[in-house]
Amino acid sequence: MAGLVSNLLLLCLVFASSLWAFKSPLSVFKRYKEISRSLSDDCPESTRPVVSADSMDFSLPVRMPRVTPQESDTYFCTSYRLPVDDEVYVVDFKPHANMDTVHHMLLFSCNVPSSSEAYWDCGSGTCSDEVSVLYAWARNAPPKSLPKGVGFRVGGDVGNKYFVLQVHYGDNHAFIDHHEDCSGVTLQLTREKQPLIAGIYLLMSMTTVIPSGKKEVYADVACPYKNYPMYPFAYRVHTHHLGQVVSGYRVRDGQWTLIGRQSPQLPQAFYPVEHPLDVVYGDTIAARCVFSGEGRSKNTYIGGTSNDEMCNLYIMYYMEAAHAISFTNCVQDGRPELFRNIPEEANIPISVKPDMMMHHDHHHPGTGNANGEAVLQQPKREEEVVLDQDFHLEEDVDWLGVKLKLGQVSGLALDANNNLVIFHRGDHIWDQNSFDRNFVYQQRGIGPIEQSTILVVDPSSSAILKSTGRNLFYLPHGLNVDKDGNYWVTDVALHQVFKLAADSRKGPLQILGKPFQPGSDRNHFCQPTDVAVDPITGNFYVADGYCNSRIIQFSPNGMFITQWGAGSSSGVAKQFRIPHSLTLVPELNQLCVADRENGRIQCFSSETGKFMKEIKHKSFGDELFAVSYSPVAGGMLYAVNGMMYHDVSTPVQGFAMNFSSGEIISTFVPVTKSFVMPHDIAASEDGVVYVGDADANTVWKFVPTEKAEHRSVKKAGLEIQEITETEIVETRVNNRPKLMESLKTQGKQKSAEQATGKGVSFVLITTLLIIPLVVLLAIAIFLRWRKVKVYGAETEPKLESSSGGLLGRFRGKGSGGLNLGNFFASHKGYSRKGFDRLSTEGSDQEKDEDDGTDSEEEYSAPPPPPPAPPVSSSS
């Protein structure tokens with residue numbers, strides 16, 4: 001009996017120990033980090049999987065093929081094809097890496113890797129098609145097994161057939177001995193059909209700014225969930241070194257349920273969720289990252305370098321196989337009214353023991369503190385970027401157009417009057433449910449967009465000058481304005497191109513393509529992206545598009561002329577992968593194309609379609625969304641790249657390039673809020689640039705630095721000559737219509753305060769001024785009395801006409817003499833003269849003293865017309 005009791009006690013202890021290991025992954029980490037060194041340093045003789053024909057399970061090593069990075073912050077990618085054609089399931093991940101060597105690893109699945117080489121620089125991309133994130137590793141995170149019956153589906157008819165491994169090697173001192181590295185991960189796969197399919201839900205903040213010195217900063221992300229039920233079972237948090245805690249929640253009917261909460265300074269492994277839960281249609285998934293800006297001397301922004309920050313929460317979930325989605329992301333800022341109810345625990349940092357934090361044995365100060373995947377720095381690359389210190393674009397932060405209420409901004413253009421024209425999607429959005437596999441639009445039932453989709457905006461005041469395009473479009477995309485003011489637009493849902501008259505009362509002047517019918521012949525388009533119109537010949541060009549990869553040239557009346565695909569300077573053409581944006585260079589008869597998924601610009605003869613040149617920089621990254629030409633400075637190209645959600649090592653930014661050489665002269669980003677998905681760009685002839693974002697639903701205005709220096713003065717119509725800082729501030733104030741009346745009132749109050757000696761009462765001043773006047777009058781009366789008494793009444797008229805008497809000496813230059821009436825009148829709202837003029841700060845010292853105008857208005861321009869209330873209110 002005693003032996004039985006002892007055995008039972010032993011079993012209970014073993015069971016409790018295993019439960020504690022599950023609840024506290026740090027215990028797993030402590031055990032695992034002791035053996036991680038040997039796992040990463042061992043290069044196997046072969047990485048070929050051994051797959052038996054009758055075996056249900058097999059393993060696949062996905063590892064680097066004996067690489068030796070030559071510099072710090074190197075990103076290498078390698079791909080492995082699934083060794084079977086059947087549908088199989090990944091059920092286990094066993095990493096082979098050590099944080100002394102590897103900064104982080106990411107594992108993707110796709111069908112078209114970016115390269116067929118044994119390994120390549122990830123700066124050229126990971127995959128050429130849609131990717132799914134399967135696994136992430138950093139900070140010696142332990143192996144990860146999925147729950148029984150759950151697997152990532154790969155292969156077969158619907159699953160991806162390639163695995164792509166990305167390894168970021170941090171500090172190159174780890175390779176001072178030039179050894180070869182085979183870091184990677186071994187996958188355990190099974191042919192046994194899994195009833196539940198795993199996926200990754202990624203929440204990312206894109207707009208957070210962490211002010212320097214601020215102790216506590218929140219980054220909130222939240223999205224409504226609109227799919228079949230999913231069941232989170234693991235999570236992984238991710239920031240750089242300013243992050244203190246990351247928390248994720250399901251919000252249902254106002255109740256917040258914790259998915260996971262962890263310090264990003266601990267090993268960045270997948271931890272089990274706190275309690276089993278489901279997420280169903282109508283719920284909200286929310287996350288908060290808490291940062292501290294203490295110790296920083298300047299603001300910190302979201303980005304890919306070690307000096308930037310990130311706020312990511314990976315949620316690993318499973319769904320029923322019939323409705324499974326492998327990857328979803330959320331980048332929407334959380335609404336303040338939602339996060340007012342977040343549990344207080346989300347705001348409390350998690351203390352981390354020193355022995356659990358990441359330390360690089362060979363780290364040196366020049367590379368910044370590496371934090372696993374969190375740093376995600378842009379690889380150092382040799383690139384022909386020539387930055388011109390005298391040329392730079394910066395956001396016009398005074399421009400109110402950034403606050404316009406818009407839908408997804410798809411297209412921008414400038415009309416002949418330099419007004420900005422915006423093409424947006426109103427309340428329609430383009431998401432994964434918009435099209436089927438044959439590119440047929442699936443949401444016709446909701447009808448066309450009821451809002452005005454085309455807005456004409458004043459470039460200075462941002463007032464809406466004109467709006468049109470109601471009940472015409474389903475998913476707007478490209479926009480161009482010809483020399484006659486006609487609007488040329490594309491709709492990817494309708495698969496059509498429209499020419500609309502500037503007069504909105506007229507119907508469409510031309511329509512090309514068949515509504516809702518994708519095709520590839522001369523009479524059909526397949527999700528056309530953009531239009532460009534030759535100002536001389538009237539010929540127009542259509543970028544077609546998401547599924548045809550061609551440029552088509554038409555005559556002014558819409559007759560087909562020719563079409564062409566991508567060109568190549570090496571003799572081997574690489575097909576267009578979404579020709580996304582067009583711009584004409586009229587003086588050179590060239591048409592330039594932003595080839596989005598190839599991350600490049602290609603230029604062709606606008607007459608023949610002959611390939612002329614290609615502009616490609618590694619700083620473009622994998623995607624280049626839009627391009628625009630301006631003749632400023634001898635010819636400039638402006639472009640914007642895109643956010644790669646699976647690889648944020650390349651910053652999202654704008655580029656200014658010399659057209660002739662293709663060199664990057666400058667880059668630019670907004671300061672009010674960050675780019676998320678900059679979709680189109682438009683440049684004026686004087687170098688002002690506008691960028692529209694299809695995710696942030698925002699349009700920014702950028703101006704050259706020489707314009708930015710006194711931009712508020714120029715807007716007021718003033719000459720820039722001897723303008724003082726005070727006058728610039730006053731001019732900016734006068735250009736804010738909503739504040740005009742209150743500011744004028746404040747100005748008058750200020751003048752009155754200064755006239756009364758800042759705190760001396762009005763009665764005291766009046767008394768002090770009246771006393772000498774009474775004395776003077778008494779003296780004058782006494783003198784007059786004496787003179788009358790001595791000389792008689794006949795001399796009285798001489799006194800009235802004479803200016804040589806005592807009163808005349810006190811009159812000074814003005815005819816009004818000592819006009820106290822004007823002093824009192826100034827406090828009753830009358831025009832200011834006399835003593836009141838002495839208290840006016842902004843008076844012009846060369847002004848005629850008899851001029852009764854208000855000297856403070858000398859430097860004020862009339863305010864611009866206020867924006868139309870329904871559109872220009874703050875969003």
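Looking at residue 309, is it in contact (Cβ under 8 Å) with a residue 12 or more places away in the chain, open to solvent by 40 Å² or more (accessible area, probe 1.4 Å) and not assigned by the TED database to the domain that holds residue 151? When the stated conditions are applied, residue 309 does not pass them. Annotation note: of 467, 462, 410, the sole residue that is in a loop (DSSP other than H, G, I, E, B), in contact (Cβ under 8 Å) with a residue 40 or more places away in the chain, touching a Leu at 6+ places or on another chain (Cβ under 9 Å) and of a type in the set (Gly, Ala, Ser) is 462.
Residue 160 versus (1) part of a loop (DSSP other than H, G, I, E, B); (2) under 30 Å from residue 653 (Cα atoms); (3) polar (S, T, N, Q): which is the lone unmet condition? Exception for residue 160: condition (2). Mind checking whether some residue in region 165-172 is among the small types (Gly, Ala, Ser) and touching a Phe, Trp or Tyr at 6+ places or on another chain (Cβ under 9 Å)? Scanning region 165-172, I find no residue that is among the small types (Gly, Ala, Ser) and touching a Phe, Trp or Tyr at 6+ places or on another chain (Cβ under 9 Å), so the answer is no.
Hey, any hits in region 531-538 for a residue that's part of a strand (DSSP E or B) and either at pLDDT below 95 or touching a helix residue (DSSP H, G or I) at 6+ places or on another chain (Cβ under 7 Å) (or both)? Walk me through how you get there before you give the answer.
To start, the set of residues in region 531-538 that are part of a strand (DSSP E or B) comprises 531-533.
Subset that is either at pLDDT below 95 or touching a helix residue (DSSP H, G or I) at 6+ places or on another chain (Cβ under 7 Å) (or both): none.
No, that holds for no residue.
Count of region 179-219 residues, restricted to those that are closer than 30 Å to residue 675 by Cβ and part of a strand (DSSP E or B), is 11.
Determine which member of the set 639, 656, 696 is touching a Phe, Trp or Tyr at 6+ places or on another chain (Cβ under 8 Å), at pLDDT 90 or above and assigned to a loop (DSSP other than H, G, I, E, B). So that I can check it myself, show each step before the final result.
On the way: 639 fails: assigned to a loop (DSSP other than H, G, I, E, B); 656 fails: assigned to a loop (DSSP other than H, G, I, E, B).
Unique residue meeting the criteria: 696.
Pairs linking a residue in region 181-201 that is under 24 Å from residue 64 (Cα atoms) to a residue that is of a type in the set (S, T, N, Q) and open to solvent by less than 10 Å² (accessible area, probe 1.4 Å), with Cβ atoms under 6 Å and 6 or more positions apart or on different chains, are 183/40. Residues in region 268-286 that are within 14 Å of residue 313 (Cα to Cα) and in contact with a Lys or Arg (Cβ under 6 Å, 6 or more places away or on another chain): 268, 270. Of all residues in region 608-631, those being touching a residue at least 60 places away in the same chain (Cβ under 8 Å) and either open to solvent by 40 Å² or more (accessible area, probe 1.4 Å) or farther than 29 Å from residue 695 by Cα (or both) number 1. In the condition set (1) open to solvent by less than 10 Å² (accessible area, probe 1.4 Å); (2) assigned to a strand (DSSP E or B), residue 256 is compliant with all but (1).
The values are calculated or read from the model by the stated rules, or taken from the named source; none is laboratory data. Model, not experiment: these values are computed from the prediction. Methodologically, a virtual Cβ is constructed for each residue, glycine included, from the backbone with ideal geometry; neighbour enumeration extends over all protein chains shown. Side chains included, ligands, DNA and RNA excluded: accessible areas come from the protein's heavy atoms. Shrake-Rupley method; radii C 1.70, N 1.55, O 1.52, S 1.80 Å.
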